[in-house]
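Take this structure, written in structure tokens, and hold onto it; I'll ask about it next.
What follows draws every value from the coordinates through simple rules; no lab data is involved. Fair warning: this is a prediction, and the values are worked out from it, not measured in the lab. Backbone-built Cβ (ideal geometry, glycine too); neighbour counts: all protein chains shown.
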There are 2 protein chains.
Amino acid sequence: MLEIKESVFADNEREAQRLREALLRKKIFLLNLMASPGAGKTTLLTRTIEALGNEMRIGVMEADIDSDVDARTVAKTGVKVIQLHTGGMCHLDADMTRQGLEGLGTDDLDLVILENVGNLVCPAEFDTGASKNAMILSVPEGDDKPLKYPLMFSVSDVLIINKMDAIGIFDFDFEVCAQRAKKINPDIRIIPVSAKTGEGIDEWADWLRASVRQWRNG
Amino acid sequence: MLEIKESVFADNEREAQRLREALLRKKIFLLNLMASPGAGKTTLLTRTIEALGNEMRIGVMEADIDSDVDARTVAKTGVKVIQLHTGGMCHLDADMTRQGLEGLGTDDLDLVILENVGNLVCPAEFDTGASKNAMILSVPEGDDKPLKYPLMFSVSDVLIINKMDAIGIFDFDFEVCAQRAKKINPDIRIIPVSAKTGEGIDEWADWLRASVRQWRNG
């Protein structure tokens, strides 16, 4: 458990760039995972550890307002995990992320996954210094979310559409949602999954594996 | 469409109290409706207008980062509606709410519903001056949300648990969720609904009707 404070006066963009370069020198890939509350971040994280845990040394930082529910869930997978309390803040900035990495200890890690605060607004505004940004949109949230939270879609490298197993009972048009996301961010990679059933996890793991390899090769 | 700005220096609590008293003098009930993105705020709003539109004069303020999707949906019901753009801000404060009410025009209204920004963090921190706070938690988000976003549950007078029609396919224990919410806020009223099928809307409309009546009687 680590209590972190926002460095109000830091230039976040500069701090983020500095952190990204430091991570690259150490060959550590930092994934910033963002989503609404309840979209399935922790379940996807657990699936990701199952899929890649044998080939990479993974660490996890769980950002939460003030609980440690998710950190305890992730700890069961056996990977190194640290809980970051934001003290009511709705996002992490680069300096808070750096404090978290120091607390976690990264010398023996290849991949660190930051589970950001459950929120589609604030986390999109602060570069954490991550190597790549991933966001989850879950089917029950609706296919109109790219229209309403465009910044989140524009800063994400990959859009994971989760709870695909429930698509039959919700008014969610996958193609319409994908078009809306691509209109905001033509380069975004879109991967449909069900973290619950395991559907699509291979494709997600392939994307993450390739991104880590590309990063490590500079 | 109205662009609103945050009054950085205002004492929000004082401003909220002043607004609440002014609304009471004019016998206008302001409901602040909060939830995650995609929990069903707009659908519940439409159902509420169907249920109470014949007995009360209703106005709606739609707060959004920068779209007007919801305002256009609500406008189809025939009630007076205004879109508030927060310009990236993750919540409304009392002064922004006051600006919105002035833009909407309240002289001919009994009930104004503010659909706050889709977010379980920031809106909980700012008293808008509302007569009552309502929050929606939807079944797919999970029954652990009271543990993770306790402030939202502590400031809400009523918790609407939406998408009850989907409870069969999600790991959501209604009783566990209700206990967790009551532990944080023993006075919270909990109403299970499906805004999609109409289940539970009568109970919600009864609560809102009684709250408006009690408010108008001082």
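To the nearest 20 debye, what charge dipole does the protein assembly as shown have about its Cα centre, counting +1 at the Cβ of each Lys and Arg and -1 at the Cβ of each Asp and Glu?
Computed about the Cα centre, the dipole is about 0 debye.
Smallest Cβ-to-axis distance in chain A, for the rotation taking A to B: which residue, how many Å?
Closest to the axis: A:PRO140, 2.
Could you tally the net charge around B:TYR149, taking each other residue with its Cβ under 13 Å from the Cβ of B:TYR149, Lys/Arg +1 and Asp/Glu -1?
Surrounding charge for B:TYR149 is -4.
Considering only Cα-Cα distances, which of the following residue pairs are longer than 22 Å: A:LYS196/B:LYS41; B:LYS76/B:LYS196; A:LYS148/B:LYS182; A:LYS41/B:LYS145; A:LYS27/A:LYS163; A:LYS27/A:LYS132?
The pairs that break the limit, which is 22 Å between Cα atoms, are A:LYS196/B:LYS41; A:LYS148/B:LYS182; A:LYS27/A:LYS163.
In a Debye calculation with equal point scatterers on the alpha-carbon sites of segment B:48-101 and no solvent, what is log10 I(q)/I(0) at q = 0.15 Å⁻¹?
Values, matching the q order: -0.45.
Work out the P(r) tail for chain B: percent of alpha carbon pairs separated by more than 28 Å, whole number.
Tail fraction, whole percent: 23.
Rounded to two decimals, what is the ratio between the C-alpha radius of gyration of segment B:123-218 and 2.2 N^0.38 Å?
Taking N as the residue count of segment B:123-218, the ratio is 1.09.
Largest first and in whole Å, what are the equivalent-ellipsoid semi-axes of segment B:91-134 based on the Cα gyration tensor, each being the root of 5 times an eigenvalue?
20, 11, 9
Report the one residue of A:VAL74, A:GLY142, A:ILE28 whose Cα lies farthest in the direction of the positive end of the charge dipole of chain A (charges on C-beta: Lys and Arg +1, Asp and Glu -1; origin at the Cα centre).
Of the options given, the answer is A:ILE28.
In addition: Report the residue, chosen from B:LEU114, B:LEU30, B:LEU147, that carries the largest GNM mean-square fluctuation when chain B is represented by alpha-carbon nodes joined by springs under 10 Å.
Its mean-square fluctuation being the largest, the pick is B:LEU147.
Quick one: P(r) of segment B:22-129 from all Cα-Cα pairs, 10 Å bins, percents rounded to integers, in order of increasing distance.
Per 10 Å bin, starting at 0, the Cα pair percentages come out as 15, 52, 31, 2.
Using +1 on the beta carbon of Lys and Arg, -1 on that of Asp and Glu, and nothing else charged, what's the dipole of chain A about the Cα centre, debye to 20?
Once rounded to the nearest 20, the dipole reads 520 debye.
Once the Cβ-Cβ distance between B:ASP108 and A:ARG18 is put in as r, and R0 is 51 Å, what FRET efficiency do you end up with, to the nearest 0.05?
Efficiency at R0 = 51 Å is approximately 0.35.
Work out the P(r) tail for the protein assembly as shown: percent of alpha carbon pairs separated by more than 29 Å, whole number.
45
Taking other Cβ within 10 Å of each residue's Cβ, how do B:ILE160, B:ILE169, B:ILE65, A:ILE161 sort, fewest first?
B:ILE169, B:ILE65, A:ILE161, B:ILE160
Please find the FRET efficiency linking B:ASP202 to A:LYS27, where r is the Cβ-Cβ separation and R0 is fixed at 41 Å, and quote it to the nearest 0.05.
Efficiency for this residue pair is about 0.10.
Another question about this same structure. Rg/Rh for segment A:70-175: what does it come to with C-alpha atoms and Rh from Kirkwood?
On the Cα set of segment A:70-175, Rg over Rh gives 1.00.
Based on the Cβ-Cβ distance of A:ARG57 and B:LYS76, what FRET efficiency does E = 1/(1 + (r/R0)^6) give at R0 = 45 Å, to the nearest 0.05?
E(calc), rounded to 0.05, equals 0.25.
Nearest 20 debye, what's the magnitude of the dipole of segment A:104-218 about its Cα centre given +1 on Lys and Arg Cβ and -1 on Asp and Glu Cβ?
Roughly 240 debye, rounded to the nearest 20.
At a 4.7 angstrom Cβ threshold, list every cysteine in chain A that has nobody to pair with, or say none.
A:CYS177
Gap in Å between the Cα centre of segment B:93-134 and the Cα centre of segment A:195-218?
43
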